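S.K.: Take a look at the following structure, please.
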Amino acid sequence: MISGGTTERDAVTAPKWDRYYDEEGYIFGTAPNAFLAAEAHRFAPAGRILVPGDGEGRNGVWLAGQGFAVTSVEASAVGVEKARALAAARGVRLDIQNANLDAWQWPIAAFDAVAAIFVHFEPRVRQAMHRRMLAALKPGGVILLEAFTPKHIENRKAGSRGGPPPEMLYTGAMLREDFTGADIVVLREEEVALDEGTRHQGLAHVVRMAARRAA
Ligand SMILES: C[S@@+](CC[C@H](N)C(=O)[O-])C[C@H]1O[C@@H](n2cnc3c(N)ncnc32)[C@H](O)[C@@H]1O
């Protein structure tokens, strides 16, 4: 903690993303992530979904429009404001919280699903955050996760846009360990063509996971 109930991470994550989001338009677009849209059939109809690190809200708002009860948690106040504007424009309701996941009171066994799309944590907190996501699921609940892998560094050198600093990239092996105990139904590292707003563009090397909390 540094002051007034904020964590060290607040001092970095929120201002950094506030700056990125503080421009006209939605930097990752307003359409949902392709992996999420393709795999959302795994979610229980009308279930409760947690969307950690929802940014400007494209995924949370889309899920709410599909009839899910969505809780979106995002560190950037600017992102949250844009997510609320997107929800209003789409005429959907969801619970959008401006909070840091490091300090958030994670509910236990409360959600039918978690959608963690390109939420990269520092190595010192990554595993704890992933285990909280798993614990937040009801037995049988599903998590979908997509993240950039170390191989993406080459794509970036070639001009692709997107991805965190190298120490925050993920591999399938890391996820297998972080989500020990879950039934991993999909886990693949692959190259995909990203076309998400101005910030996720070009060939990207990603890891995609669908896992189920043991019933
Ligand atoms: C690459 S952006 C992706 C945003 C969104 N998931 C999407 O796909 O459009 C990563 C987001 O995760 C958020 N984030 C990262 N660490 C966080 C934390 N500890 N608490 C809350 N939000 C966090 C950032 O603020 C940022 O908005």
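S.K.: Expressed as a fraction of 2.2 N^0.38 Å, the rule-of-thumb size for a compact globular protein of N residues, what is the C-alpha radius of gyration of segment 71-115? Let's see the in-between values first.
M.R.: Working: Rg = 11.6 Å, N = 45, 2.2 N^0.38 = 9.3 Å.
Scaled against compact globular proteins, the figure is 1.24.
S.K.: Give the residue from 30, 108, 193 lying farthest towards the positive end of the charge dipole for the chain; charges sit on Cβ (+1 for Lys and Arg, -1 for Asp and Glu) and the dipole is referred to the Cα centre.
M.R.: 108
S.K.: Would you mind working out the magnitude of the charge dipole of segment 150-193 relative to its Cα centre, with +1 at each Lys and Arg C-beta and -1 at each Asp and Glu C-beta, to the nearest 20 Debye? Provide the component values of the computation, followed by the final result.
M.R.: On the way: 6 positive and 8 negative charges, 54 e Å.
Dipole size: approximately 260 debye.
S.K.: Give me the lysines in straight-line cross-link reach of residue 82: C-alpha distance below 16 Å, same-chain residues under 8 apart excluded.
M.R.: Result set, ordered by chain and number: 16.
S.K.: Only Lys, Arg, Asp and Glu count, each charged at its Cβ (+1, +1, -1, -1), so figure out the dipole size of segment 8-212 about its Cα centre, rounded to 20 debye.
M.R.: Values: 24 positive and 26 negative charges, 71 e Å.
The dipole magnitude comes to about 340 debye.
S.K.: What's the extension gain from residue 158 to residue 23 if we count 0.36 nm per residue and subtract their Cα-Cα distance?
M.R.: Numbers: separation 135, 0.36 × 135 = 48.60 nm, distance 2.54 nm.
So the chain would gain 46.1 nm between residue 158 and residue 23.
S.K.: Among 172, 53, 91, which one shows the biggest mean-square fluctuation in a GNM of the chain, springs joining Cα atoms closer than 10 Å?
M.R.: 91
S.K.: Moving to a separate point now. Considering the alpha-carbon set of segment 8-212 alone, what are its Rg and its Dmax in angstrom?
M.R.: When restricted to Cα atoms, segment 8-212 yields Rg and Dmax of 15.6, 43 Å.
S.K.: Mind checking which aspartates and glutamates have their C-alpha under 13 Å from residue 151, skipping anything on the same chain fewer than 8 residues away?
M.R.: Qualifying aspartates and glutamates at Cα under 13 Å: 167, 189, 190, 191.
S.K.: Run the paramagnetic zone check for residue 191: 7 angstrom along Cα to Cβ, then residues of segment 147-185 with backbone nitrogen under 19 Å.
M.R.: Answer for this model: 147-164, 170-172.
Laboratory data are not the source of any read-out in this text; all were calculated from the coordinates shown. No experiment lies behind these values; they were computed from the predicted model shown. For neighbour counting, all protein chains shown are included, and Cβ atoms are generated from backbone atoms with ideal geometry for every residue, glycine included.
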